[in-house]
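Just so it is clear, none of the values below were taken in a lab; they were calculated from the coordinates. The structure presented is a predicted model; accordingly, all values stated were derived computationally and were not measured. Cβ sites come from the backbone with ideal geometry, for glycine too, and all protein chains shown count toward neighbours.
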Amino acid sequence: MTQSSSTEQLKIVIVGHVDHGKSTFVGRLFYDTGSLPDGKYEQLKTVAERRGVPFEWANLMDALQSERDQNITIDTAQIWFRTPKRQYVIIDAPGHKEFLKNMVTGAASAEAALLLIDANEGVQEQSRRHGYLLNMLGIRQIAVLVNKMDLQGYSEERFNAIETEYREFLKGLGIEAKCFLPLAAKSGDNIATPSANMPWWKGKTILQALDDFQVSDQPDHQPLRFPIQDVYRFDDRRILAGRVESGTLRVGDRLLFSPSNKVSTVKSIERWSAPTRDEATAGESIGVTLTEQIFVERGAIAALETSPPYALTRIKARLFWLSRSPFAKGKRYKIKLATQEMECEIESIDRLIDSSSLATITREDQGAYVGRNEVAELVLRTKRPVAFDLQSEIVATGRFVIVDGFEVSGGGIIAPDNYPRRTADSLQKSDNIYWSQGKVTPTQRNLRNGHLGRVVWLTGLSGSGKSTIATDLERELFNLGKHAYVLDGDNVRHGLCRDLGFSPQDRQENIRRVGEVAKLLADAGFIAITAFISPYRADRDLVRSIVPAGQFIEVFVSAPIEVCEQRDPKGLYAKARANEIKEFTGISAPYEAPVQPEITLTTDSMSVQESVAKVIEYLQLQDAELTVTI
């Protein structure tokens, strides 16, 4: 066997359509490089002769009896061989359509790929799917091997035609193959030595092409990601065990555990049957103990406090679906990302792609499901926050699988989006912050102003009349000598909330911020009037809870959606119906009407003047009660 002094190792996945010769190629590769165990070749030849069948190189890879019976590879196997340059781990991944899941499993840990195409059959649908999957998994080092050239008379024209067709397909994916090579695996042509049958080929052999691949550095330079696999108790110690997927972890590091946002410091790094060291790098499986005994469980992802992952319930993704049952909107599934597992469902399907032609799929039920072997650009919603990174930034925490029942049915990667990320500063809580009380009391302000400071919270659908009522109410209160100010939904998004989008999480944060500002205005003695859709009861209840009792007045501006849509002052409903606006309340997002609002204004039957008068009447009654109390 050829030996190498190098400790360098490269993982390569081998993919291709069924019967395009992957197992034969690997068997011959081992034979031609002298990598077979002593006597193995002779043993297999003897077995074949005893059975009265031709010797097959593929028998080296086909480890399962069922594979021999079906003559197709149905599992993922890993084998090792060496060249003078490095050691290789070859992952033979199945090509049959039924076994794409195993192919994904194998390719997920590879740094390079060999993709086989049968010269006799040419580029097949599965050949294109494999190229798409390799691209999704982030494998950029690809060599395309045109096998079985002997069945085409070693034709240069046939090789060139296949190269032209498949190179054009890869170009559509944004991939440029490292090389295309002609070979005949069965006879060893162009594997370890140049083929005498193809004198027109002046390029490299397979072994030379393999040695041209680059070994990726361990992702030590990336931010630390340490997914917790399990928690063990030894004596009085709790050891958090897992694998460092990226970055470097050191004793004394201050760790943030996402998505719970709990923080503690690394006390020790534990190893099994290995020397003790005060740091661990990417690829190491270790345990850690903490100085502060916080509750951490499997699924948490540890990161340095200065560079946390995203931790959200809304994920934009590109997904490849493998199951016979479609990935359907409205059904719940399980997402597995690193060591995290939780329920998820489709929020929206933005685009469907045919993985073999790369064409956009169009059908009547476009947003209802993702079919088998289809690729989708979609948004997933998880039941609880999930910690993740972009796949382009950190691979291990940027890809996931979807489980339907007990079966892995699809996989995908995290796509870029405008995700809000916590900063290290936002996680620091000081014990030295106190509410500052001024020397002017609320009672003194009320007497000076002649009215209570309040939050008048107008909620309702877009087009129900909130902003119109709010501005007219402000003018009438001003004319009555009251101190009033309108916080308008659009206005605050120009400044205070300009960094927020319209996802449920961003809407919640938008309302929280406005509630805090309205509370301060009310504390100053103002009547703070807000005009916000504020579709969720829980968000409005949160604001009610932070405003002093009796000072929060919920005004339900009620109008049927048909009326609101007819008004449509900003043309938003038309855009929402055309699917140009995502998460639009009343169309593609819910509105939860108040259960017991202080005031209800039915604006489909009440005029603006009547609505304003009803609110002022309520406020004057409250002020009268204040006068009696004082």
Given H placed on each backbone N at 1.01 Å, which residues far from S323 in sequence or on other chains put an amide H within less than 5 Å of it?
-> N373
For R475 and E156, compute 0.36 nm times the residue count separating them, minus their Cα-Cα distance, and round to one decimal in nm.
-> 106.4 nm
In whole Hz, the Karplus estimates of ³J(HN,Hα) for the range 477-489 (6.51, -1.76, 1.60; θ = phi - 60°; x where Gly or Pro) are 5, 4, 5, 8, x, 9, 8, 9, 8, 9, 9, 8, x
From the phi of every residue in the range 455-463, what ³J(HN,Hα) in whole Hz does the Karplus formula 6.51 cos²θ - 1.76 cosθ + 1.60 yield, where θ is phi - 60° and glycine or proline is x?
-> 10, 9, 9, 8, 10, x, 5, 4, x
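Using 0.36 nm times the number of residues separating F234 and K329, minus their current alpha carbon distance, what extension gain do you get? All intermediate terms of the calculation are to be shown ahead of the outcome.
Numbers: separation 95, 0.36 × 95 = 34.20 nm, distance 4.51 nm.
Result: 29.7 nm gained on full extension.
GluC sites (Glu not before Pro), restricted to the range 541-630: which are DSSP loop and have at most 14 other Cβ atoms within 10 Å?
Values: sites: E554, E562, E565, E580, E583, E592, E598, E610, E617, E625; in loops: E580, E583, E592, E598.
Those satisfying the criteria are E580, E592.
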Of the labelled options (i) 71, 63, 55; (ii) 109, 61, 39; (iii) 89, 73, 53, which one gives Cα extents along the principal axes in Å as computed for this structure?
-> (ii)
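One quarter of the convex hull surface, Cα atoms only: what value does that give for the range 219-304 in nm²? Don't skip to the answer; put the middle values down first.
Values: hull surface 20.1 nm².
Seen from a random direction, the Cα hull of the range 219-304 projects 5.0 nm² on average.
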At T164 and Q366, where each label point lies 7 Å from the Cα along Cα→Cβ, what is the point-to-point distance in nanometres?
-> 3.6 nm
Amide H neighbours of Q141 under 5 Å, counting only residues 5+ apart in sequence or on other chains, H built in-plane at 1.01 Å?
-> A113
Fully extended, how many nm does the chain gain between A613 and K570 (0.36 nm per residue separation, minus their Cα-Cα distance)?
-> 12.9 nm
For R254 and F502, extending 7 Å from Cα along the Cα-Cβ vector and measuring point to point gives, in nm, a value of 3.9 nm
Can you give the charge dipole size of the chain about its Cα centre, rounded to the nearest 20 debye, using +1 on the beta carbon of Lys and Arg and -1 on the beta carbon of Asp and Glu?
-> 740 debye
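For the chain, what does the helix formula give at 222 nm: sum of -39500 (n - 2.57) over DSSP H segments with n ≥ 4, over the residue count, nearest 500 deg cm²/dmol? Mind showing how you got there, number by number?
Working: 15 runs with 165 residues, N = 630.
Theoretical 222 nm ellipticity from helices: -8000 deg cm²/dmol.
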Applying the Karplus parametrisation 6.51 cos²θ - 1.76 cosθ + 1.60 with θ = phi - 60° to the phi angles of the range 149-155, what ³J(HN,Hα) value in whole Hz is obtained for each residue in order, glycine and proline being reported as x?
-> 4, 5, 6, 10, x, 6, 6
Kindly provide the trypsin sites (Lys or Arg not before Pro) of the range 286-358 that DSSP labels as loop, not H, G, I, E or B, and whose Cβ sees at most 12 other Cβ atoms within 10 Å.
-> R324, K331, R332
Given H placed 1.01 Å from N in the peptide plane, which residues other than close sequence neighbours of A484 have an amide H under 5 Å from its amide H?
-> I527
